[in-house]
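Each value in this text was obtained by applying a stated rule to the coordinates, not by laboratory testing. It should be emphasised that the depicted structure is a prediction, and the values quoted were computed from it without experimental measurement. All Cβ positions, glycine included, derive from the backbone under ideal geometry; neighbour counts span all protein chains shown.
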Ligand SMILES: Cc1cc2nc3c(=O)[nH]c(=O)nc-3n(C[C@H](O)[C@H](O)[C@H](O)COP(=O)(O)O)c2cc1C
Ligand code: SF4
């Protein structure tokens, strides 16, 4: 063990003695049954994280009654005694690996999706959530009492099921948070008005929970210390509220931020800085004596720094543990370089939260299906040639080597990484760079042989005679068939990011998809260019996860990037681009450089040529169809687990 890591120090929280200061942040896994009970997949998912060495696991947001509390279609439930048996299996599985087990109890309030409950959402006041767009109804005093009792009953069930504690979900705009917030609570009775009155609902919940579970059970509280909405909660009030929580007997405060309407502050995408919520935890820590947990875009170094500087007592890791359940164990055994980084692209975790599909991860295909996607030794060791050293090829090589195969990667270029090389150029893509470094190192350490600058011709394959070919030859930037796109002033996003082409001062980026918008941000922010984006669709960032869209859009706006939607590129001239809308109207924009970000085309024909050149041939990644990192990893695992 590395003694210098404060993260690895044991700590006492409430009634619990934790083996270290890392806790798994509560994250709705969408692995519950429709009735809110646990599944085998859910137990496997949490068990993998407990086995990975985390100090405590806070099981996801779990609804407390069978009325309006369930926030989404696939939420976990503790609304009835029928839930106890399954939740007990879950707690048992977590604790068997030395982690403490807590469960977050929650009422979704105005942010509930009515399709999840079949009822109109309820709230302190009838103010619709701008994300769901649904008008809630104001709760009557008698209903308030019933909900508080439901929280107490859910806590009682958690204790009966063997959990070490509950975390009361007072964050993210859900019911308790919305009572505290002046943004959503406009009541004129004893639950509305000044802070003390808005806090009453939460404090009464705590009191009832504590009365029900007694003192030998941990009761924590999660808050949004800043809601990041105009007129919403800020640290000024939430720090005063934290003192009230402490006085009410709460054992720890877990400091998050945001509500659905500022969702990018709940699950911070890569376009927001690392660990930027630490100041909120610090603000709370200054006024209470109970342990404070910081959360939000932490990796091990930011987490350690927060503890070293005394800004928090524990760190909650959410997506980092989705991406790598073994993070704590790797840290403890000095294998930091082996930690697979979360890239904060939200493709799999949050994107599928939005569609109520089970938890997945763009860099960890085993997430949410730990049983099916286990890397086991192959029955027969085979010689495997991977053609193409992009991320799909590298991941396939890594996993194949872990399964015991003899693996060689043959890459035509002089560097490994494929499109991730240019994709990780902008500073805000730091985590993508780390992922690429990780993939390359893991392949090397796993004994994968790499041949750079080598084309996998039929004769080379004939000589090497691999039993298995994994074809991952990638994709090319699409050059639209538009007059002038072959001019000197036009370049692909890839060429510009790689520095192969030097853009002039005025740049027009064609395409407002993810590549176009990221390139535009890079040009404006890091190269100081005056940037305009044109997009033929009426929307930008189509298919990109909501929080990522919000954050990227906000940052482009801050940088003064102008976006024209609904304009199709018609011509590139020497000093301008000409676009037309669907009515044929003309828009001319001055441009020294035109950056093409109009999509990627799979190298399907190239890939097809490898068929029949080995006993087993698998085509994976972008050359099958140009898609996201998520699919590159998914394809790689699916193929390699068959070999
Ligand atoms: C898929 C997903 C589901 C989440 N569900 C919950 C939840 O049930 N309760 C909660 O308080 N926060 C939830 N969060 C927020 C996380 O607990 C955490 O605060 C956030 O992801 C930032 O931490 P991280 O950067 O370590 O992931 C969720 C986040 C994700 C990505
Ligand atoms: S899907 Fe992306 S953001 Fe989510 S945990 Fe995995 S790497 Fe992180």
Any chance you could run the full-extension gain for residue 119 through residue 140? It's 0.36 nm times the residue separation minus the Cα-Cα distance, nm to one decimal.
-> 6.0 nm
Would you mind calculating the gained length between residue 558 and residue 459 on full extension (0.36 nm times residue separation, minus the Cα-Cα distance), in nm to one decimal?
-> 30.3 nm
Obtain the nm distance between the two label points defined at residue 605 and residue 486 by a simple spin-label model: each point lies 7 Å from its Cα along the Cα-to-C-beta direction.
-> 1.6
May I ask you to order 468-476, 118-126 by the average number of other C-beta atoms within 10 Å around their residues, highest value first?
-> 468-476, 118-126
Sort segment 189-311 into rounded, prolate or oblate with this rule: let a ≥ b ≥ c be the square roots of the eigenvalues of the Cα gyration tensor; rounded if a/c is under 1.5, and if a/c is not under 1.5, prolate when a/b is larger than b/c, oblate otherwise.
-> oblate
Taking a point 7 angstrom from the Cα of residue 451 along the C-beta vector, which residues in segment 384-425 have backbone N less than 14 Å away?
-> 384-389, 407-413
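Counting DSSP beta bridges in segment 6-354, what percent are antiparallel, to the nearest 5? Provide the component values of the computation, followed by the final result.
Numbers: 3 of 41 bridges.
Once the DSSP bridges in segment 6-354 are tallied, antiparallel ones form about 5 percent.
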Binning at 5 Å from 0, report for segment 486-598 what percent of all alpha-carbon pair distances ends up in each bin.
-> 2, 13, 25, 25, 20, 11, 3, 0
Given labels modelled 7 Å from the Cα in the Cβ direction, how far is it in nm from residue 336 to residue 240?
-> 4.1
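Report, for the chain, the % of DSSP beta bridges that are antiparallel, rounded to 5. Working shown, then result.
Values: 15 of 86 bridges.
In the chain, DSSP labels about 15 percent of beta bridges as antiparallel.
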What whole-number value in cubic angstrom gives the convex hull volume per residue for the C-alpha atoms of segment 471-524?
-> 111
Using a Förster distance of 51 Å, the FRET efficiency for residue 96-residue 501 (Cβ separation, nearest 0.05) | 0.35
How far is helix 546-558 tilted, in degrees, relative to the longest principal axis of the Cα atoms in the chain, given as a value from 0 to 90 rounded to the nearest 10?
-> 70
Sorted by packing (mean other beta-carbon atoms within 10 Å per residue), highest first, where do 535-541, 378-384, 88-94, 108-114 land?
-> 108-114, 88-94, 535-541, 378-384
Segment 161-226, Cα convex hull volume normalised per residue, Å³ | 93
Return, for the Cα atoms of segment 116-224, the radius of gyration and Dmax in Å, separated by a comma.
-> 14.3, 42
Rounded to the nearest 0.05, FRET efficiency between residue 215 and residue 130 (Cβ-Cβ, R0 56 Å) equals 0.85
How high is the relative contact order of the chain, in percent, with contacts defined as C-alpha pairs under 8 Å that are six or more residues apart?
-> 11
Quantify how much of the Cα-Cα distance distribution of the chain extends past 50 Å, in percent.
-> 16
For 46, 630, 276, what's the fewest-to-most ordering of other Cβ within 10 Å of each Cβ?
-> 276, 630, 46
Given a Förster distance of 41 Å, the FRET efficiency implied by the Cβ-Cβ spacing of residue 207 and residue 538, rounded to the nearest 0.05, works out to 0.20
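Using just the Cα positions, wrap segment 6-354 in a convex hull and report its mean projected area in square nanometres, one decimal place. If you can, show how the numbers build up before the last one.
Working: hull surface 59.7 nm².
Averaged projected hull area, Cα only: 14.9 nm².
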Which value, to two decimals, describes the C-alpha radius of gyration of segment 404-516 once divided by 2.2 N^0.38 Å?
-> 1.33
Dimensions in Å of segment 1-160 - Rg and Dmax from alpha carbons | 17.3, 55
Linear extension gain, residue 444 paired with residue 357, 0.36 nm per residue minus alpha-carbon span = 27.9 nm
Taking other Cβ within 10 Å of each residue's Cβ, how do 289, 429 sort, fewest first?
-> 289, 429
In what sequence do 4, 631 fall when counting other Cβ within 10 Å, fewest first?
-> 4, 631
